[in-house]
1. Give the Debye-formula value of log10 I(q)/I(0) at each listed q (0.08, 0.12, 0.14 Å⁻¹), with one equal scatterer per alpha carbon of the protein assembly as shown, two decimals each.
2. For A:I159, A:I225, B:I205, what ranking results if the residue with the fewest other Cβ atoms within 10 Å of its Cβ goes first?
3. Based on other C-beta atoms within 10 Å, arrange B:L79, B:L195 from fewest to most.
4. With only Lys, Arg, Asp and Glu charged, each at its Cβ (+1 for the first two, -1 for the last two), find how big the charge dipole of the protein assembly as shown is about the Cα centre; round to the nearest 20 debye.
5. So how do A:T80, A:T68, A:T142 line up by other beta-carbon neighbours within 10 Å, fewest first?
6. Quick check on my link table: of B:K92/B:K112; A:K58/A:K112; B:K89/B:K135, which ones sit more than 18 Å apart, alpha carbon to alpha carbon?
7. How charged is the neighbourhood of B:A160? Take every other residue with its Cβ under 9 Å from the Cβ of B:A160, and add Lys/Arg as +1 and Asp/Glu as -1.
8. Quick check: the distance between the Cα centres of the stretch A:202-219 and the stretch B:179-206, to the nearest angstrom?
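Read-outs: derived from the displayed coordinates by stated rules, not from any lab. None of the values given here were measured: they were computed from a predicted structure. Virtual Cβ from ideal backbone geometry, glycine too; neighbours counted across all protein chains shown.
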Amino acid sequence: MGLELYLDLLSQPCRSIYIFARTNNIPFEFKHVELFKGPSNSEGDGKISLLKKVPVLKDGDFTLAECTAILLYLSRKYNTPDHWYPSDIKKRAQVDEYLSWHHANIRANAPKTMWIKVLIPLFTGQPQPSEKLQEVMEGLSTSLKQFEERFLQDKAFIIGSEISLADLVAIVELMQPVGVGCDIFEDRPRLMEWRRRVEEAVGKELFFQAHEMILNIKELSNIQIDPQLKEHLAPVLMKMLK
Amino acid sequence: MSGRCVQPPTAELRVPVGEHRTEEFRKVNVLMKVPALRDGSFTLAESVAILMYLTRKFKTPDHWYPSDLQKQARVDEYLSWQQAHIRGKGSKLFVTKMLIPILTGQPLPPEKVEGATEELNVVLSQFEEKFLQDKPFIVGNDISLADLVALVELMQPVAAGYNLFEERPKLAEWRRRVEEAVGKQLFQEAHEEILNAKNVSADKIAPELREHFKQQLLKQVN
């Protein structure tokens, strides 16, 4: 039994892991977890995830969660090219710094665009007031400003002339609002240029394949959501937005 | 060799409340936050990044951030999970129970404090069941960055008056081990200020910053 990656490409962290593994030709078994199907449809042994958490890595009897931990484990175990997580301690620190900041900033708001525009209406049957989206977009704008001024600046990639885990983790998160019609790249030429470079660095085809689901999010409205799950999640989602 | 921290030869930096918003500090840290590291012309923010940089630059004992692939992954896993969980909920309780009342001069409604306490308890149980389990430390037999980061975060709600260790003997035992591994005196010294936080009054904070902090914090707990 080789490496198994439990992923749902609707999820940003899953996409970064998927792209990273594929672009580095790391052999793995893709275990598709469908976040919105109920427990009766889940695959895999109960040990992995009763709560259907993704992403999860399983390597023999070693199980690992948390996107950053998984990416770092893969980069080390499979000796991926240095630029992903440079051995130079200052450059490495810059990747660590970005990954940490990302969590509390970009990742605080970017995912909410999808929740507000698509998922919550899907689960509760009600659209969300525009002020909610406005608030989230403002928060995201502030983070994007910091992203450009502090992290990207005038460089090709976050830590210099080559792509690293920092760029990968950033881009998948920023594609979430794009998928639901909030194109944050539109008025930001520098970001758009950076995005183009990241797509090229990982491979355009792979990039689009990983993002196919999120870029066709309307399809999601047609999926059958387990009614139990709907009932269970609706109040959680409403609370999430407060 | 015990798990004592190697003290790197850096200058002491005391940052009185609010000083991290001055122009001088801004040069070190564009994001105007603490902690921040400056090593020559190299500046770095984010505590996890700083900790890892220090372990690498000063080649600290292996157990802090093990070279073993799986053990290292466990440290990474904890450091990632803790941001939204132990750190997130511990901070929230500290802010709710102590910091906001100091800034506004009045306590928040009891349901807010209860709610924050409840949320913290959920993650504390997760911490015990998933991360600590029956091991002496999070990643086995030795202290690592995971334990250090975990304990300092848990001291925040303790400082606010929530005795989470009292009701959780396994955690209390772990805490004792962590304190011993870093050195009890050092641990106390590091926590002196926060453990006396209740003695901080609003007038110790620059007035123009008081309002700003208040707004930020109220947003955080709502």
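1. -0.49, -1.23, -1.76
2. Final ranking by Cβ density, sparse to dense: A:I225, B:I205, A:I159.
3. Going from sparsest to densest Cβ surroundings: B:L195, B:L79.
4. 400
5. Fewest-to-most ranking of A:T80, A:T68, A:T142: A:T142, A:T80, A:T68.
6. Checking Cα-Cα distances, A:K58/A:K112; B:K89/B:K135 exceed 18 Å.
7. +2
8. Spelled out, the Cα-based centre of one part sits 49 Å from the other.
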